[in-house]
Structures are given as structure tokens and as C-alpha cells.
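Have a look at the structure below, then the notes.
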2 protein chains.
Amino acid sequence: MAARRPDTSERGEQTRTRIVDAALGLFEERGYEGTTMRAVAAAAGVSLGNAYYYFASKDHLVQAFYERSQVEHLAASRPVLDRERDLGARLSGVLHAWLDTNRRYHDFAVTFFRTAADPDSPLSPFSPQSQPARDAAIALYAEVLHGSDAKVTPAVRERLPEMLWLYSMGVVLYWVHDRSTDVERSRFLVDRTVPLVVRLVNLSRYRVLRGVVDDAMDIVDELSGRRLTR
Amino acid sequence: MAARRPDTSERGEQTRTRIVDAALGLFEERGYEGTTMRAVAAAAGVSLGNAYYYFASKDHLVQAFYERSQVEHLAASRPVLDRERDLGARLSGVLHAWLDTNRRYHDFAVTFFRTAADPDSPLSPFSPQSQPARDAAIALYAEVLHGSDAKVTPAVRERLPEMLWLYSMGVVLYWVHDRSTDVERSRFLVDRTVPLVVRLVNLSRYRVLRGVVDDAMDIVDELSGRRLTR
DNA sequence: CGTTCGATCTGAACACGTTCAAGTCGAGCG
DNA sequence: CGCTCGACTTGAACGTGTTCAGATCGAACG
């Protein structure tokens, strides 16, 4: 029979799950900084050292949140993607779905994204360790585009998903800084910029913009042979 | 006679300077994380607690770096701004000047920008405490534009500096993640995107783009009545 | 049953950022 | 000269993330 991955053994996996659950609960309740590793260990019913046996650092603990949030976002996006054909509606729907699923995490997401801004952190959206998550996210925007009735050139069709993802990262960056009630300013940003994006996408077929667009595509190619990092 | 600001009194100012010098030296030598407050205090010849009398936290210590760097950048940009009239040359010159003046700080700037990514940190480029520095930076890009021979509509003329600053923040973000030797990829990014930006600026006068541009300007207005933060 | 060995677990110890109660210093005043 | 007061300085102590040398557990094996 096949050898088991160490962290998939029964006992280990159980303990790992207990720790994650405890951590996410405390994060939501007291925020990231307000949650100590000792508290996490205690809530999970394990020793402090044991928590570090499963998670190399406090930061690594939020990767669990990251994954959970992404699964929720995908699920929340599904209905929109199945229903809408219009590019603007699809893009807007996916972004609002993101804002919805992350609403309750806003407070502690702030400190989470702080560590994510460290290029050396595995949590950075540009880090090698995030590649799977990043690819999944880009794939989502590929579906946003390819499932729509928007007409684009082949070159754009291929690179636009990545650029839409970058655009979504911009929205996230704004959202992190957004202190308005119910993050209405972020929603406003989405509502106002999505039509702009769509219009630019449509314009990209026309002669005046063709040159700029082609050059932009080239730059994306040249710089993403090896991604934003290293 | 006028009352002295406490931190401008003779002895205090001296001590403050000693601490800043010690800190910047150690930052450059061992990086941010590698530098302990105890080491800074020791190098400055003061007690640990005394360092905290002048600087509320380790983070506040890098504001000194921030200011020094900005002064250097301004000085390095001056020749280009006095010489060039072409928008692309001016923009490119200013950005390369930034890369030059910050070259030796790259290693520890990484961790510096990490804390800067925290919206609650006074070091965030979007924070109220950074407003003076931010305004100064935007003013620089206003000079880049207004001293050039580029033809733009009044609306663009007014808002473009802020957008150029945002563009420069994007370059900085890329630079922080850039691990290539001598940050050549960042230089490549500048060389390739500046012409794009210039072409977009020129196109902004034409009918096809007018609508998009006007809408973009509106959004900037609506969202920056109160800035990106609060 | 006894041994072995790797996965799992423990808690004391460490280094660091930060706080604070208690000093010291020096100029101005009576 | 002694006193006062506020600016400045001190170092011990606290809480936290992280490390590590060693338990403990349990399945496989002889």
C-alpha cells in the first residue's frame, strides 16, 4: 500500500484541524494581533510547541484562512458565472462576491495583508508558494472573460485574465484601506471602474489603441516569464 | 520669547539625531529585522528606554529614513527636470533617479515597506501622517507634467499628477519584489511602461478615449475627496 | 512480550519590542 | 543657596513569537 504523507496520518490531521479551527475562531473574535499563539494552542487543547510542530509560524496559520476564503469566493461566484454572459456583469458579480465573502474578515484581514505584503513571506500573492492559489484566481478571471460574449483579439484573450486579476488585487488593496461603513466605498469603486475596464477591453480592438495594447501585452509576456518575484 | 518645541531643545535634538544616525547605520548594515532596539540604543550611547522616549516604536524610526530618501530623490531629480522638456524623458528620469537613490536600501526597504503596507501604520503612503510626504511626491509629478511640452486637456492636467504618483507606487511595489541583479527588471519595467503611459496621455485628447478618460477623472474626484484612507 | 523508530507532543528558555515607575539634570526663582 | 518643575534618562519587567532538547506514543517487527 502507498506510503502516507506524514501530515495526512490520522492523528496528525486531526490535531492540525483542531489548531486551524481554534486559530480562525480567535482571529475573527480578537483580530490577528490580539490572538496569541498561546491562546491558539490552549483553545486547540495542545501545547504551544505542538502548534509550532504543525505551523512554522503564526503567519503560516493564516494560509488556512486564505484557502478557506478562496473556496467560499469561488462558490459565491458560481451563480453569477452560470447566469450572466455580459462581461461587465460577470466581472462586477465576481468582485462583489469577493467583497461579500470577505466582509466579516475585513478587520483582521488588514493585519493579514500586512504580512502578505512582505515579498519574502510565503503569503505574498506573488510568492512561489502562492502559485497554486494565484493560478486558481487567474483561472477564475479567465472564466469571467471566456464565458462572456465580449469580442477580443486572441492576444488579449490570452493575457487579459492575468491583468484582470491584477485589477482585482488593486480592488483588494483599496478594500484593505477602506474604512467606510460596510465598505461601501469599495463597492462604489467596483461599480464605477468595471464599466471603464469593459470599455477599455472593447476599445482594445480598435486601431488607435491597438499599438498601446500590443505593447502592453509584450511587457506582460517579458516580465512574467519569471513572475513578479525573482 | 516664544516657547520651544520640546524636541527642538538643544540636548533633546542632539540625542534624537544620535539615535537616528545609529539606527540608519545599523539598518543598512544588518537590515531592519536584524537590528534590535537594544543595539540601536547601545550604538547611540543611550539607554533602551531613552530611545523610546524619542521614538514611539521601531517603525517610527524608519520615518527618518523615509524623509532622508525623499530629499535625496528630489535632489537627484533636479538635473533631469531642469534639462528635459519631453514628458517621457522627464518621467523616466525621475523614476530612474528614484531607483538610483534607493539602490543601497533595497535589502532593508523590503521589510520597511512591509510595515508601510499596514493601513493603520503611520508609514502607510495613504495614511494621514504621510500626507505631507505624499503631497510632496505628487507635487514632484506635477512638475514632471507641467514642465513638459505635453499637450493635455485642463481636466487631465489637474488630475494626472496624482495618477502618475500612483503609477510610481506601482513601480515601487514591483521594485520591492524585484530580486534581479541590480534591479534590472525594475529598470526594464520603467523603460517599457513609460512610453506606454506617455502614449496614453497623448491619446487622452482624442475622441475615442475622451469618454473613458473623463469617467476616470470623475472617479478619482469622487474617491479622493476623502483619500484612499478614511 | 520486548525493542525500535519515527511521528507526535511538551514546557522551559530565549530574544525581542514595548512599558513604566523611578530616578537625574539643569534652568529659573525666592 | 535651596527649592521646584519639567525635560530627559534609566533599567527592570512584561508579553509575545519562536526554538529546542527531550518526553511520549503506537505500530511494526523479531
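Helix B:154-177 axis versus longest C-alpha principal axis of chain B: approximately 50°, rounded to the nearest ten. When chain A is treated as a Gaussian network with alpha carbon springs shorter than 10 Å, the biggest mean-square fluctuation among A:E158, A:E84, A:E13 belongs to A:E13. Determine the sum of side-chain charges near A:D149: Lys and Arg each +1, Asp and Glu each -1, restricted to other residues whose C-beta is under 11 angstrom from that of A:D149. Taking every Cβ under 11 Å from that of A:D149, the sum is +1. Distances between equivalent label points of B:K151 across the copies, with each point positioned 7 Å along Cα→Cβ, amount to 3.2 nm, shortest listed first.
With its label point defined 7 Å out from Cα along the Cα-to-Cβ axis, B:N50 lies at 4.8 nm from the matching points of the other copies, in increasing order. Within the listed set A:A41, A:A216, A:A142, the Gaussian network model of chain A (springs between alpha-carbon atoms below 10 Å) gives the highest mean-square fluctuation for A:A216. D for the stretch A:125-181, whole µm²/s, Stokes-Einstein with Kirkwood Rh over alpha-carbon pairs at 4 °C and 1.567 mPa s: what number? The estimated diffusion coefficient comes to 103 µm²/s. For the stretch A:41-107, the list of trypsin sites (Lys or Arg not before Pro) that fall in a loop by DSSP and count at most 16 other C-beta atoms within 10 angstrom reads A:R85. A Gaussian network model of chain A, with springs between Cα atoms under 10 Å, assigns the largest mean-square fluctuation among A:R205, A:R11, A:R30 to A:R11. Residue-level result for chain A: its Cβ closest to the axis carrying A onto B, with that distance in Å, is A:A117, 2. Between helix B:58-83 and chain B there is an angle of about 40 degrees, using the helix long axis and the longest principal axis of the Cα atoms. At q = 0.19, 0.22 Å⁻¹, work out log10 I(q)/I(0) for the stretch A:151-230 with the Debye formula, treating every Cα as an identical point scatterer and leaving solvent out; two decimals please. After summing over all Cα pairs, the log10 values are -0.90, -1.04.
Of the residues A:Y105, A:V201, A:S180, the one whose Cα sits farthest toward the positive end of the charge dipole of chain A, with +1 on the Cβ of Lys and Arg and -1 on the Cβ of Asp and Glu, is A:V201. Using C-alpha pairs under 8 Å with a sequence gap of at least 6, the mean separation divided by the residue count of the stretch A:58-223 gives a relative contact order of 23 percent.
Quick one: plug the Kirkwood hydrodynamic radius of the stretch A:96-230 (C-alpha pairs) into Stokes-Einstein at 20 °C, 1.002 mPa s, and report D in µm²/s. Estimated diffusion coefficient is 131 µm²/s. Copy-to-copy label distances for B:P122, where each label lies 7 Å from Cα along Cα-to-Cβ, are 3.5 nm in order of increasing length. Taken as Cα centroids, the stretch B:78-94 and the stretch A:166-230 sit 27 Å apart, rounded to the nearest whole angstrom. Mean projection of the Cα convex hull over all viewing directions, computed for the protein assembly as shown: 27.3 nm². For chain B, the mean residue ellipticity at 222 nm estimated from helices alone is -24000 deg cm²/dmol, where every DSSP H run of n ≥ 4 contributes -39500 (n - 2.57) and the total is divided by all residues, rounded to the nearest 500. The share of Cα pairs per 5 Å bin across chain B, counted from zero up to the longest distance, runs 1, 6, 12, 15, 16, 15, 12, 9, 6, 4, 2, 1, 0, 0 percent. Placing +1 on the Cβ of every Lys and Arg and -1 on the Cβ of every Asp and Glu, with no other charges, gives the stretch B:58-223 a dipole of roughly 500 debye about its Cα centre. Computed from Cα positions, the angle between helix A:10-30 and the longest principal axis of chain A comes to roughly 70 degrees. Using a/c under 1.5 as the rounded threshold, could you call the stretch B:11-144 rounded, prolate or oblate? The axes a ≥ b ≥ c are square roots of the C-alpha gyration tensor eigenvalues, and prolate needs a/b larger than b/c, oblate otherwise. The shape class here is prolate.
The numbers here are math on the coordinates, done by the rules we state, and not lab data. Quick caveat: nothing in here was measured; it's all calculated off a predicted structure. In this analysis, Cβ positions are derived from the backbone assuming ideal geometry, glycine residues included, and neighbour counts consider all displayed protein chains.
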